[in-house]
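Right, one structure below, let's go through it.
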Amino acid sequence: MEVRTRTVHILGVTAHPTAPWATQQARQFLWRLGDRAREFIHLIRDRDAKFTAAFDAVCASEGTTVVKIPPRSPNCNPHAERFIRSAREECTDRVLLLDRGHAEKSLHDYAHHFNSHRPHQGSNQLAPNDDPNVIPLPTVRTERRQAVAGFINEYHPAS
């Protein structure tokens, strides 16, 4: 999660994460970001054993400083903890996930909803991808669309 914008990136899904898997996910994420990877100054992470020196080295190769939160201190990374809680309550706890592909699609759908539609208190009730310079005009008619396998409703102006 980008703390400044609250934008969430789903890197990968697996039932049994390992240190090499986490390191590969970091490599792929930095590759996807391209030149934008240099904008990230710090990476805040917990002290899980799957985050090894190799993981830290991948981040350091792009000039990102890895900051470890103190042991048993989830309040030191509240934005990520809140996203995980929201994703569980609003998405994964409400559906029987069939396989890795189903879990990945559900989480990607939820991340899209979180980044594009879900209002955030810390950003003046705007979603991370909303333009703060645009003033929404009241609409006459609203259309409801289901998202995240029908568990969440999104409301848009009717066309």
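Once you have a ≥ b ≥ c as the square roots of the Cα gyration tensor eigenvalues for the stretch 52-104, tell me rounded if a/c is under 1.5, and otherwise prolate or oblate according to whether a/b is larger than b/c. Verdict is oblate for the stretch 52-104. Under 5 Å between amide hydrogens, built in the peptide plane, is the criterion, and for His120 it picks out Gln125, Leu126, Ala127 among residues at least 5 positions away or on other chains.
Every helix of 4 or more DSSP H residues in the chain counts as -39500 (n - 2.57), and over all residues that averages to -10500 deg cm²/dmol at 222 nm. The mean sequence separation of alpha-carbon pairs under 8 Å and at least six residues apart, normalised by the residue count of the chain, gives a relative contact order of 20 percent. Computed over every Cα-Cα pair of the chain and binned at 5 Å starting from 0, the pair-distance distribution P(r) comes out as 1, 7, 14, 18, 20, 17, 11, 6, 3, 2, 0, 0 percent. Residues Ile10, Ile41, Ile135, Ile84, ranked from the fewest to the most other C-beta atoms within 10 Å, line up as Ile135, Ile41, Ile84, Ile10. Close amide H pairs (under 5 Å, H built 1.01 Å from N) link Thr7 with Glu2, residues at least 5 positions away or on another chain. Go ahead and run the numbers for FRET between Tyr155 and Cys76, Cβ-Cβ distance against an R0 of 41 Å, rounding to 0.05. Efficiency, rounded to the nearest 0.05: 0.70.
Readers should treat all values here as calculations from the given coordinates under stated rules, not as data from a laboratory. This one's a predicted model, so the numbers in the text were calculated from it and none came from an experiment. Methodologically, a virtual Cβ is constructed for each residue, glycine included, from the backbone with ideal geometry; neighbour enumeration extends over all protein chains shown.
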